[in-house]
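Undergrad: Provided herewith is a single structure, encoded as structure tokens, for subsequent inquiry.
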């Protein structure tokens, strides 16, 4: 039986980008059938993922995320989150789209090895392209 809605989690620390992503979902009307959640750091994102009631079907993940304890940005914060996600048998199949400012091919390859469905560069994609990518990933889902 097909789900009535998909849960999407955006883990993004930049306030402008968080608002942009939320607005993109609202503007293009996919709010119907989607439950949109957001977190501004790894710890909050992990709390949402671990909770069965809020567990997302898809995560839009930034790579540079603050480490809550130190209050500093980490270029690897998104990868640390992703590695922890993939190491957990209950969570490893959650779909992930990286949405980052980094274009580095090495980062794209690392993400691919960790099972990321898409690697999108901020500022290079039109808002509608983000929605198309989300729909494509979710339509390939076995849920």
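Undergrad: Among the residues of the stretch 72-85, are any closer than 21 Å to residue 118 by Cα, within 15 Å of the chain's Cα centre (by Cα), modelled with pLDDT of 90 or more and part of a strand (DSSP E or B)?
TA: no
Undergrad: Against the conditions (1) surrounded by 14 or more Cβ atoms within 10 Å (Cβ to Cβ); (2) in a helix (DSSP H, G or I); (3) at pLDDT 90 or above; (4) touching a strand residue (DSSP E or B) at 6+ places or on another chain (Cβ under 8 Å), where does residue 47 fall short? Just the number, please.
TA: (1)
Undergrad: To continue, here is another question. Taking into account only those residues within the stretch 7-34 that are in a strand (DSSP E or B) and modelled with pLDDT of 85 or more, which is surrounded by the most Cβ atoms within 10 Å (Cβ to Cβ)?
TA: First, pick out the residues of the stretch 7-34 that are in a strand (DSSP E or B): 7-11, 34.
Those left that are additionally modelled with pLDDT of 85 or more: 7-11.
On the way: 7: 18, 8: 23, 9: 24, 10: 25, 11: 28.
Here the answer is 11.
Undergrad: Residue by residue through the stretch 6-29, note down the ones that are out of contact with any strand residue (DSSP E or B) (no Cβ under 9 Å at 6 or more places or on another chain) and closer than 21 Å to residue 128 by Cβ. Step through it out loud before you land on a result.
TA: From the stretch 6-29, those out of contact with any strand residue (DSSP E or B) (no Cβ under 9 Å at 6 or more places or on another chain) are 14-16, 19-20, 23-24, 27-29; that's our starting set.
14, 16, 19, 20, 23, 24, 27, 28, 29, listed by residue number.
Undergrad: Restricting attention to the stretch 93-138, which residues are in a helix (DSSP H, G or I), surrounded by fewer than 12 Cβ atoms within 10 Å (Cβ to Cβ) and either free of Cβ contacts under 8 Å to residues at least 12 places away in the same chain or in contact with a helix residue (DSSP H, G or I) (Cβ under 6 Å, 6 or more places away or on another chain) (or both)? Don't jump to the end; show me each part of the working.
TA: Of all residues in the stretch 93-138, those in a helix (DSSP H, G or I) come to 105-113, 127-138.
Still in the running and surrounded by fewer than 12 Cβ atoms within 10 Å (Cβ to Cβ): 105-106, 109, 113, 128.
Answer for the stretch 93-138, where residues must be in a helix (DSSP H, G or I), surrounded by fewer than 12 Cβ atoms within 10 Å (Cβ to Cβ) and either free of Cβ contacts under 8 Å to residues at least 12 places away in the same chain or in contact with a helix residue (DSSP H, G or I) (Cβ under 6 Å, 6 or more places away or on another chain) (or both): 105, 106, 109, 113.
Undergrad: Among the numbered criteria (1) within 12 Å of the chain's Cα centre (by Cα); (2) at pLDDT 95 or above; (3) part of a loop (DSSP other than H, G, I, E, B), which one does residue 89 miss?
TA: (1)
The values are calculated or read from the model by the stated rules, or taken from the named source; none is laboratory data. None of these values were measured; they are calculated from a predicted model. Here Cβ is always computed from backbone atoms with ideal geometry, including for glycine, and neighbour counts include all displayed protein chains.
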